[in-house]
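Student: For reference, the structure I am asking about is given below.
None of the figures in this text is laboratory data; all of them are computed from the coordinates on show. Nothing here was measured: the structure is a model prediction, and the numbers come from that model. Cβ atoms come from the backbone with ideal geometry, glycine included; neighbour counts cover every protein chain shown.
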Amino acid sequence: MTTDIKINKKFKEFEQLAVHLKNQKLKSNPNLNLHKHINDMMNHIVVHCPRDALDKLEEISYLIKNGDYIAIEDFLKMNESKLYAAPSTQEMRNNTDSFIASSQKFFKVSVLTISSLYSLILIMFYYRKIQP
């Protein structure tokens with residue numbers, strides 16, 4: 001069984017293909033062209049769902065194509081806020097101060113413990129004849 005594959009050699013440069021895709025407009029939404037549609041789909045897949053990209057391709061395509069009628073944010077994660085280093089608000093500080101204060105007793109390390117540990121390490125190096 002053989003399969004004949006016809007390769008379109010019409011586009012020799014990427015720019016020619018880009019122009020052709022930009023000219024392919026959707027009848028129901030003339031502001032959306034095929035180039036923008038593919039670009040938006042791939043950007044969304046790379047950023048938000050790289051592990052299951054193939055499964056999401058059709059879903060994202062449909063939602064982007066019908067963006068005037070469907071709120072894409074209702075179905076897909078569009079923004080990812082990473083506020084790891086953001087300064088806390090006064091309300092957050094007020095809510096967490098008591099918990100931090102009560103848990104500090106579990107994390108106390110005395111200077112004596114640290115110096116004892118350092119002495120122990122030095123003794124181990126000495127007996128093993130390993131230079132620190």
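Student: Taking the number of other C-beta atoms within 10 Å as the exposure measure, put Asp68, Asp40 in order starting with the fewest.
Tutor: Asp68, Asp40
Student: A follow-up question, please. Can you list the HN-Hα couplings for the stretch 27-34, worked out from phi with the Karplus curve (6.51, -1.76, 1.60; θ = phi - 60°), rounded to whole Hz and with x for Gly and Pro?
Tutor: Karplus-based 3J(HN,Hα) across the stretch 27-34 equals 5, 7, 9, x, 6, 9, 10, 5 Hz.
Student: Right, something else. In the stretch 53-92, whose amide N lies under 19 Å from the spot 7 Å out along Cα-to-Cβ of Ser103? List them in ranges.
Tutor: Inside the label zone: 83-92.
Student: So, one more: Against the 2.2 N^0.38 Å scaling, with N counting residues, where does the stretch 14-74 land? I'd like the Cα-based Rg ratio to two decimal places.
Tutor: The reported ratio for this selection is 1.17.
Student: Another question about this same structure. Quick check for me: using +1 on Lys/Arg Cβ and -1 on Asp/Glu Cβ, what's the dipole size of the stretch 29-77 about its Cα centre, in debye to the nearest 20?
Tutor: 160
Student: Taking 0.36 nm per intervening residue step and subtracting the Cα-Cα distance, what contour gain separates Ser116 from Lys27 on full extension?
Tutor: 24.3 nm
Student: How far apart, in nm, are two points set 7 Å out from the Cα along the Cα-to-Cβ line at His35 and at Phe125?
Tutor: 6.5
Student: How large is ³J(HN,Hα), in whole Hz, for each residue of the stretch 95-107 in order, when computed from phi with the Karplus curve 6.51 cos²θ - 1.76 cosθ + 1.60 and θ = phi - 60°, using x for Gly and Pro?
Tutor: Once θ is set to phi - 60°, the couplings for the stretch 95-107 become 6, 9, 4, 5, 5, 5, 4, 6, 8, 5, 5, 7, 10 Hz.
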